[in-house]
Amino acid sequence: MRIGVAAFLLGLVVTVMPAIGQAASLNLNPKPLTPYRTCVITGTPSGTSAVIDSEVRQATPSTNYGTQTTVVVSSRSGQNRRTYVRFNLGGCSPSIPSTATVKLARLRLYVTTLPTVCRSLDIFRVTVSWTETGVTWNSQPFGTATNNPASGSRTDVFGVGTPVGCENRVAGYVTGADVTSDVSAFVAGSATNHGWMIRDDAEDSGTTRTEVFSAKNLNNAAQAPQLVVTWTK
């Protein structure tokens, strides 16, 4: 009996020893973790210069709406509306270096009124300067032609409307507004930050289709327009 137990233990040791040797040979050196930082630029208080926003209206082409508490995107023949918004990346702390890699950047706009059909809203990078209290339908960077620029040149698109299956169906911060490529260009210096214009993908609708968003002048931190940027060196 004792001889049998001893033989068993000897076999166990012989079996385990190679496994221990193999484990000892594994490379257990941990890889360094990539540190990510997140910057949130928020349109509050209402007097902040970190965010500017305004809407332009086709029906009143010479009027500026930069002091309104809401901004609107709307499609209707002769009554289209567009929203302009810009975030000052200089407001990030720590500042984002030009050599940084932008992993993700999203617009967070708080929608309060949604249409009863799902509408696609296009985001376009603005390439010339505009001012919050000066921009009008007639003076806007993209001109007065409707359905311009072409949808194919948009940065991203997101859906808004109450029907089942629409991307954003209830009031709140929208999802899907990805502007990573634009912010990457702003940070690298290959493009100048003039913000974005948001319009309906199909302007001149025969039926009015309207989406209302909270503007910075609402002075409501819970609904303020935001740009969220995640980056790493």
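The values are calculated or read from the model by the stated rules, or taken from the named source; none is laboratory data. On a predicted model such as this, the values are computed, not experimentally measured, just so you know. Quick reminder, even Gly has a Cβ in these numbers, built from the backbone with ideal geometry, and neighbours come from all protein chains shown.
Data overview
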| item | result |
| --- | --- |
| Any pair with Cβ under 8 angstrom, 6 or more apart, that starts in region 162-177 at a residue that is over 17 Å from D200 (Cβ atoms) and ends at one that is assigned to a loop (DSSP other than H, G, I, E, B) and among the small types (G, A, S) | R169/G161 |
| Test set (1) touching a helix residue (DSSP H, G or I) at 6+ places or on another chain (Cβ under 9 Å); (2) modelled with pLDDT under 95 - C39 fails condition number | (2) |
| Residue list for region 54-79, filter: buried (at least 18 other Cβ atoms within 10 Å of the Cβ), among the polar types (S, T, N, Q) and under 17 Å from F142 (Cβ atoms) | S54, Q58, N64, S74, S75 |
| Qualifying residue in region 189-196 (condition: among the hydroxyl-bearing types (S, T, Y) and surrounded by fewer than 18 Cβ atoms within 10 Å (Cβ to Cβ)) | yes |
| Strands (runs of 3 or more DSSP E) enclosed by region 145-233 - at least 2 residues per element that are of a type in the set (D, E, K, R) and either out of contact with any strand residue (DSSP E or B) (no Cβ under 7 Å at 6 or more places or on another chain) or modelled with pLDDT of 95 or more (or both) | 196-200, 209-214 |
| Evaluation of T155 against (1) out of contact with any helix residue (DSSP H, G or I) (no Cβ under 7 Å at 6 or more places or on another chain); (2) within 29 Å of G90 (Cβ to Cβ); (3) surrounded by 17 or more Cβ atoms within 10 Å (Cβ to Cβ); (4) among the hydroxyl-bearing types (S, T, Y) (one fails), failing number | (1) |
| Residue match in region 107-122 (condition: part of a strand (DSSP E or B), among the acidic types (D, E) and over 20 Å from T230 (Cα atoms)) | yes |
